Each structure stands twice: as structure tokens, then as C-alpha cells.
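Undergrad: Dropping the structure in here first, questions after.
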Amino acid sequence: MDENHADTAREKEAGVLGMIFRRGLSRTLVAWFLFLALVPLALINAISYRQARNSLQDSAIISLETTANLKTHFINNWFTEHFLNLRAQATSLENTRFLAELRQAFKASGKEAGEFTKSYAWTALIGKHAADFKSLRNIFGYHDVFLIDSDGNILFSVAGESDLGTNLFSGEYSGTRFADACRKALETGRPAFSDLELYAPSNNEVAGFVADVIVDEAGDKIGVLALQIPIEAINAIMHERTGLGKTGETHLIGPDKMLRSDCAFNPESKALKTQIDTEQVRLWLEEHGKEGAQEADDIEEPAIIYPGPHDGRSVLGIHQSIHIADTHWAVMAEIEESEVFADARSLGMLTLILVGGTALLVFLLSISVARRIVRPLLALSDTTRSVAAGNFDQEISVNVRNEIGDLAANFRVMLLALGEATSASEAEDWLKTGQAGLSDATRGEQDLPTLGRNVITFLAKYLDARIGAFYMVSDAGILKLVGSYAYTLRKGLSNEYRIGEGLVGQAALEKETIVLTDVPDDYIKVRSGVGSAGPTSIVVMPVLDNGELKGVVELGAFRDLGERELRLLHQVAEIIGVTISTAQSR
């Protein structure tokens with residue numbers, strides 16, 4: 001029994017929920033609850049996410065800018081140190097005299113530079129100076145140190161590679177950047193940097209050269225002192241990872257878009273062997289022009305997001321220009337976008353979870369609220385439909401202390417008033433219908449027995465009485481039975497009454513209706529084919545015409561005749577009296 005009751009309760013609850021979701025008001029309430037709860041929350045979270053993303057991007061940009069500026073500063077300082085050392089060596093009186101001696105011995109030998117650098121005289125000449133240059137190379141980490149005369153002949157080299165004894169301006173290495181730097185130093189009288197190149201004499205290793213002019217005591221340019229610097233020091237600066245997170249890196253780019261430093265994360269991306277053609281590189285070239293262009297002071301270096309140089313992953317990157325003598329480079333500092341906005345993504349996921357949880361909570365609460373609001377309205381709606389169908393006997397089970405409760409209370413009052421008005425209208429219609437029916441039953445010229453039967457038959461049927469009798473007053477003042485309905489047996493044998501005799505005579509005497517609800521079992525019987533029974537109530541009503549007694553109507557029923565039935569009897573009594581008088585006059 002308990003399980004059946006629980007199943008019924010669940011089915012009822014499911015039915016109510018189904019009605020709630022099918023009704024427009026419920027959907028509207030739930031939708032508005034969700035809208036009012038989620039839209040502000042979504043806006044706040046979206047603004048917070050946007051602010052967090054912008055803050056993270058700004059922080060990453062500051063970090064990249066700081067790193068790029070520091071590395072630019074380190075590289076500039078590193079080259080400045082070498083230029084200062086180069087100037088010191090190029091202006092050294094001892095080195096000037098050494099180059100002058102080499103030039104004089106070379107001219108005196110009458111040999112080619114290559115033969116001269118292999119001669120005993122060359123070996124004897126450099127013996128006292130070679131140790132100093134080797135010490136210079138070892139201290140500062142140079143790959144090689146050169147002395148070159150003004151005609152481009154390499155007359156001295158610490159490493160002694162294949163370029164020793166060749167002519168940089170006319171020989172096989174005349175097309176190198178090393179040769180261009182030496183020419184520029186002789187032409188301008190200022191230090192020059194060759195940029196990096198793959199230098200064949202050094203097994204095609206990446207190398208850079210700084211060169212400065214040597215001037216003798218007479219002020220003549222007698223040659224160039226050059227230093228071959230390796231790339232390892234540049235790579236060490238660029239591979240320093242401070243401030244770059246897990247995926248950040250920096251690299252140098254030249255105006256030909258070729259790397260000037262090895263990539264830390266991609267071993268295959270080597271200096272002068274890999275071209276980088278990213279949006280940031282193109283932007284740098286557009287802003288600062290070709291090689292040798294000076295950086296404008298009013299140009300703000302932009303930070304942008306673009307596909308990265310290696311695997312196409314989006315990166316946030318900036319650039320910082322470097323000018324080394326007349327050589328133009330750029331420091332590219334980049335970090336993967338996914339790392340920059342990792343915290344923002346976590347915030348976004350947390351926001352989605354928060355919005356989803358809020359949506360679920362608001363949805364459940366809104367269902368509960370909507371159910372509390374809509375269920376009473378559904379009850380009122382069902383009641384109105386029943387009332388519209390004519391059923392005014394309705395119980396409104398809405399007990400809430402709010403406006404809906406007030407509406408239900410007012411509806412109860414309205415329903416009660418409407419029921420009373422309808423009952424009164426129905427009662428009035430019933431009375432009028434009874435009067436009209438009785439008029440139809442007594443219409444025409446009828447003798448008294450026929451009139452009596454028609455009157456009592458109509459009243460018995462219309463009032464749902466099971467037995468009836470109609471007595472008329474004779475000239476002798478005797479009440480005689482002139483019409484009956486289902487009348488077969490009564491207590492005593494007489495069908496006549498004197499005024500004041502029995503209930504019939506008493507009603508005639510008092511000219512008042514007598515209603516009897518405690519009828520003796522043997523007073524009168526209603527018989528049918530299967531048995532007989534006594535009525536439970538008796539109504540005896542005198543019939544008058546202008547106060548004159550015309551007869552008595554006696555009706556018996558198996559129920560108590562109510563106020564409506566008695567009212568009809570009182571209203572038709574005068575009609576019956578007039579009808580009897582009319583019949584008697586005929």
C-alpha cells in the first residue's frame with residue numbers, strides 16, 4: 001500500500017512538473033530567473049576574464065620587453081668591449097711598428113704574399129710578436145687575430161688558416177663580408193663590423209669580424225687590424241632564459257631574415273642557415289628599413305600575436321633593434337600564447353563551471369519557485385474551467401500567504417456569490433417552470449374530478465412525491481377526495497374529512513400548511529409490484545381563493561421536501577384555488 005501511495009505521489013508530482021513546463025507562465029518565470037541570474041554573472045565573468053587576459057598579456061609584454069632590452073644591452077656592451085679592445089690594439093705603437101715591419105719585409109722580399117708568409121724571414125719577424133697576439137686571442141676568446149696591409153694582403157694570422165697570405169680585396173675571399181669590413185675601415189677610418197657569415201677558411205663556421213685602421217706615425221693608413229669573433233658568446237647571451245618562462249626564447253635576426261643566433265628549442269634552426277619570416281620580422285623590416293637604417297626614436301615597438309617561427313603555434317612577440325657599427329640586427333623575444341594566457345584559461349574554465357553550477361542551481365530554485373507560484377494558479381484555472389462548465393460546487397485548496405492567496409480568497413467569495421446567484425436563478429426558473437406546467441395541466445374546460453387528478457398528478461411528479469391526494473370542499477363543508485396519485489391505502493376507510501378532522505381537516509381549519517417528517521409506519525403506504533413502503537414526509541396544504549377554502553393537497557415523499565418545494569406549493573395554491581373556482585362556476 002505504501003509503495004502504491006508513493007508511486008501515485010510521484011506520478012502526481014511528475015504530472016504537475018509536466019504542466020509547469022507546458023505552461024507559458026512557468027517557462028517565462030524559469031527563463032527570466034535564468035536570464036536575471038546568468039546574464040549579469042556572465043557579463044561580470046566575461047569582463048573579469050577580459051581584464052585578466054589583458055593583465056596577463058601586459059605582464060608578458062613587460063617581461064619580453066625587459067628581456068629584449070637586457071639582451072640588447074648585453075650584446076651592445078659585448079661588442080663595445082671588443083671595439084674598445086680593437087681600438088686599443090689598432091692604435092698600439094708596437095702593433096703599428098709590427099705591421100710596418102711586415103709591409104717593409106714583404107716589399108723587400110719581392111715575393112707573393114702567400115710565399116712571403118711561408119718564408120724564413122716572415123717566421124723570424126713574427127717570432128717576437130706572435131706570443132702577444134696569441135695571448136690576446138686566448139684572453140678574449142677570439143678565433144683569430146689579423147694584420148692586413150692597406151692593399152688587402154693578410155700578412156699575419158694567429159690561427160694560420162688558409163686565408164693567411166691571401167689578398168682580401170682581389171683574392172678568393174674578396175667577396176666575403178670580412179673583406180667588406182676591412183675595405184670600409186680603410187675608407188672611413190672608423191671601426192667596422194662585417195656582420196656574421198659562414199667563413200670558408202674556418203671550416204664554414206659562423207664568424208664575425210671587427211676591423212679598425214692602423215695609422216703610422218706620419219698619419220698614413222698602412223693597414224687594418226681585425227678580430228674574428230665566434231658566435232658562441234652571442235648564443236650564450238641569447239640562450240639565457242631569465243624572464244622567458246617555459247616556452248619563451250630570444251633570437252637575433254638580420255635584414256635578410258636569416259638567424260644570427262642558434263635557436264635554443266630547435267637544434268635544426270642554426271644561425272645563417274634558417275630564415276625566419278614571421279609577422280614580427282616583417283614588421284621590423286617595415287619600421288626600420290633595410291640594413292644600416294637607423295631606428296627612429298618615436299617608433300614604439302609593438303607586441304603582437306602571430307604564428308611562431310617553428311611549428312606554427314601562436315606566440316606573443318616583440319622586437320628590439322640593435323645597431324653594431326653599420327650593421328643592423330633585431331632581437332626577437334617570443335613566448336607561446338598558450339603559456340601567456342594559461343591562468344586566463346584556468347579562470348575561464350572556473351568561470352564556466354561557476355556559470356554552469358549557478359545555472360543548475362537557479363534552474364532548480366526557479367522550478368521550485370515557479371511550482372509554488374504556478375500550482376495555485378493551475379488550481380484556480382481548473383476551478384474556473386469547472387465553473388465555466390456549470391459546476392459551482394468547487395473547493396479551492398490554495399493556502400498561501402501572498403497575493404495569490406488573496407486572489408484565491410477573493411475567488412472563493414466570488415464563487416460562493418456566483419453559486420448563490422446561480423442557485424437562486426435556478427430556483428426561480430424551477431418555480432416559474434412549475435407554475436407554467438401547472439397552468440398547462442389545468443388549461444381548458446375540465447370537470448372537477450379531472451381537474452383534481454391533473455393537479456395532483458402534476459404536483460406529485462414535479463415534486464418527486466411518491467403519493468398524493470387532492471381534496472375539494474363540498475357544499476356541505478366536507479373535504480372529499482377528487483384526485484389521487486399512487487394512492488391505494490391509508491389508515492381508516494374514509495376518503496372524506498370534516499373541517500378539523502385529521503391532518504387534512506386540520507390544515508383546512510387552520511388554513512396553514514402542515515409538514516410532517518415523522519410519519520407513522522401504518523399511516524399510508526405506497527405500493528409497487530414488489531412491495532410497499534410508507535413515505536418519510538407528508539405535506540398537507542390548504543388551497544384558497546381570496547381567503548375562501550377550496551380544497552386540500554396532500555403529498556407524501558421518501559425525502560424531506562425542502563424550502564423550494566414548499567415555496568412552489570404556496571405559489572401554486574392560489575392558482576389552483578382560482579382554477580377550482582372557475583371550474584365550479586361553470
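The values are calculated or read from the model by the stated rules, or taken from the named source; none is laboratory data. Keep in mind it's a predicted model, so treat the numbers as computed, not measured. As a convention, Cβ positions derive from the backbone with ideal geometry for all residues, glycine included, and neighbour counts pool all protein chains shown. With ligands, DNA and RNA removed, areas are computed over all heavy atoms of the protein, side chains included. Shrake-Rupley method; radii C 1.70, N 1.55, O 1.52, S 1.80 Å.
Undergrad: Of Ala465, Ala469, which residue is closer than 19 Å to Ala573 by Cβ, hydrophobic (A, V, I, L, M, F, W, C), open to solvent by less than 40 Å² (accessible area, probe 1.4 Å) and assigned to a loop (DSSP other than H, G, I, E, B)?
TA: Details: Ala469 fails: assigned to a loop (DSSP other than H, G, I, E, B).
Step by step, each of Ala465, Ala469 is checked, and only Ala465 is closer than 19 Å to Ala573 by Cβ, hydrophobic (A, V, I, L, M, F, W, C), open to solvent by less than 40 Å² (accessible area, probe 1.4 Å) and assigned to a loop (DSSP other than H, G, I, E, B).
Undergrad: In this structure, does Thr536 turn out to be surrounded by 12 or more Cβ atoms within 10 Å (Cβ to Cβ) and modelled with pLDDT under 85?
TA: yes
Undergrad: In segment 94-121, which residues are aromatic (Phe, Trp, Tyr) and closer than 11 Å to Gly165 by Cα?
TA: If the condition is that a residue be aromatic (Phe, Trp, Tyr) and closer than 11 Å to Gly165 by Cα, then Phe106, Phe116 are the ones that fit.
Undergrad: Let me ask something else. State the number of residues belonging to segment 224-268 that are within 44 Å of the chain's Cα centre (by Cα) and at negative phi.
TA: 15
Undergrad: Go through segment 551-586 and give me each residue that's open to solvent by 40 Å² or more (accessible area, probe 1.4 Å) and either closer than 26 Å to Gly444 by Cβ or of a type in the set (Asp, Glu) (or both).
TA: Result: Asp560, Glu563, His570, Gln571, Glu574, Ile575, Val578, Thr582, Gln584, Ser585, Arg586.
Undergrad: Hey, another quick one. Is it true that Asp163 is touching a Ser or Thr at 6+ places or on another chain (Cβ under 9 Å), open to solvent by less than 10 Å² (accessible area, probe 1.4 Å) and in a loop (DSSP other than H, G, I, E, B)? It would help to see each step written out before you state the result.
TA: Details: touching a Ser or Thr at 6+ places or on another chain (Cβ under 9 Å): yes; open to solvent by less than 10 Å² (accessible area, probe 1.4 Å): yes; in a loop (DSSP other than H, G, I, E, B): yes.
Against the criterion (touching a Ser or Thr at 6+ places or on another chain (Cβ under 9 Å), open to solvent by less than 10 Å² (accessible area, probe 1.4 Å) and in a loop (DSSP other than H, G, I, E, B)), Asp163 qualifies.
Undergrad: Checking Thr67 against (1) under 27 Å from Ala124 (Cα atoms); (2) in contact with a Gly (Cβ under 8 Å, 6 or more places away or on another chain), which single condition isn't satisfied?
TA: Only one criterion is unmet by Thr67, namely (1).
Undergrad: Enumerate the pairs (first residue in segment 86-105 and of a type in the set (A, V, I, L, M, F, W, C); second residue anywhere and surrounded by fewer than 19 Cβ atoms within 10 Å (Cβ to Cβ) and assigned to a helix (DSSP H, G or I)) with beta-carbon separation below 7 Å, excluding pairs fewer than 6 apart on the same chain, so at least 6 apart or on different chains.
TA: Phe98/His129; Ala105/Ala121
Undergrad: Which one of these is among the polar types (S, T, N, Q) and at pLDDT 95 or above: Gln294, Gln228, Gln280?
TA: Gln228
Undergrad: If you don't mind, another one. What do you reckon, is Asp216 of a type outside the set (Gly, Ala, Ser) and buried (at least 21 other Cβ atoms within 10 Å of the Cβ)? Steps first, please.
TA: Numbers: of a type outside the set (Gly, Ala, Ser): yes; buried (at least 21 other Cβ atoms within 10 Å of the Cβ): no.
No, not satisfied.
Undergrad: Out of segment 213-236, which residues are in contact with a strand residue (DSSP E or B) (Cβ under 8 Å, 6 or more places away or on another chain), part of a loop (DSSP other than H, G, I, E, B) and touching a residue at least 60 places away in the same chain (Cβ under 8 Å)?
TA: The one that is in contact with a strand residue (DSSP E or B) (Cβ under 8 Å, 6 or more places away or on another chain), part of a loop (DSSP other than H, G, I, E, B) and touching a residue at least 60 places away in the same chain (Cβ under 8 Å): Asp216.
Undergrad: Filter segment 239-276 for residues that are acidic (Asp, Glu) and not in a loop (DSSP other than H, G, I, E, B) and give the result.
TA: Glu249, the sole residue that qualifies.
Undergrad: Of all residues in segment 121-140, which are open to solvent by 50 Å² or more (accessible area, probe 1.4 Å), among the hydrophobic types (A, V, I, L, M, F, W, C) and out of contact with any Ser or Thr (no Cβ under 8 Å at 6 or more places or on another chain)?
TA: Within segment 121-140, Ala124, Ala131, Ile139, Phe140 qualify.
Undergrad: Moving on. I'd like the residue in segment 174-212 that is more than 17 Å from Val145 (Cβ to Cβ) and in a strand (DSSP E or B) and, out of all such residues, is most open to solvent (accessible area, probe 1.4 Å).
TA: Per the stated criteria, the residue is Leu198.
Undergrad: Which one is nearest to the chain's Cα centre (by Cα), of the residues in segment 141-160 that are within 20 Å of Glu81 (Cα to Cα) and open to solvent by 30 Å² or more (accessible area, probe 1.4 Å)?
TA: The qualifying residue nearest to the chain's Cα centre (by Cα) is Gly141.
Undergrad: Going residue by residue through segment 433-448, is there one that turns out to be under 17 Å from Ser537 (Cα atoms) and surrounded by 16 or more Cβ atoms within 10 Å (Cβ to Cβ)? Steps first, answer last, please.
TA: Of the residues in segment 433-448, the ones under 17 Å from Ser537 (Cα atoms) are none.
Taking every residue of segment 433-448 in turn, none turns out to be under 17 Å from Ser537 (Cα atoms) and surrounded by 16 or more Cβ atoms within 10 Å (Cβ to Cβ).
Undergrad: Another question, if that's okay. Out of all the residues in segment 67-86, which are in contact with a strand residue (DSSP E or B) (Cβ under 9 Å, 6 or more places away or on another chain) and within 16 Å of Ala333 (Cβ to Cβ)?
TA: Once the filter is applied, which keeps residues that are in contact with a strand residue (DSSP E or B) (Cβ under 9 Å, 6 or more places away or on another chain) and within 16 Å of Ala333 (Cβ to Cβ), segment 67-86 yields Thr67, Ala68, Asn69, Lys71, Thr72, Ile75, Asn76.
Undergrad: Looking only at segment 67-113, filter to residues that are of a type in the set (D, E, K, R) and outside any helix (DSSP H, G or I); which one of those is surrounded by the fewest Cβ atoms within 10 Å (Cβ to Cβ)?
TA: Result: Glu112.
Undergrad: What's the number of the condition Ala179 fails, among (1) closer than 22 Å to Asp163 by Cα; (2) hydrophobic (A, V, I, L, M, F, W, C); (3) at pLDDT below 95?
TA: (3)
Undergrad: Let me ask you something else. Which ones in segment 296-327 are in a strand (DSSP E or B), touching a strand residue (DSSP E or B) at 6+ places or on another chain (Cβ under 7 Å) and not β-branched (Val, Ile, Thr)?
TA: Across segment 296-327, the qualifying residues are Tyr306, Pro307, Ser314, Leu316, Gly317, His319, Gln320, Ser321.
Undergrad: Next question. State whether one or more residues within segment 360-371 are open to solvent by less than 40 Å² (accessible area, probe 1.4 Å), of a type in the set (S, T, N, Q) and farther than 18 Å from His251 by Cβ.
TA: Scanning segment 360-371 turns up at least one residue that is open to solvent by less than 40 Å² (accessible area, probe 1.4 Å), of a type in the set (S, T, N, Q) and farther than 18 Å from His251 by Cβ.
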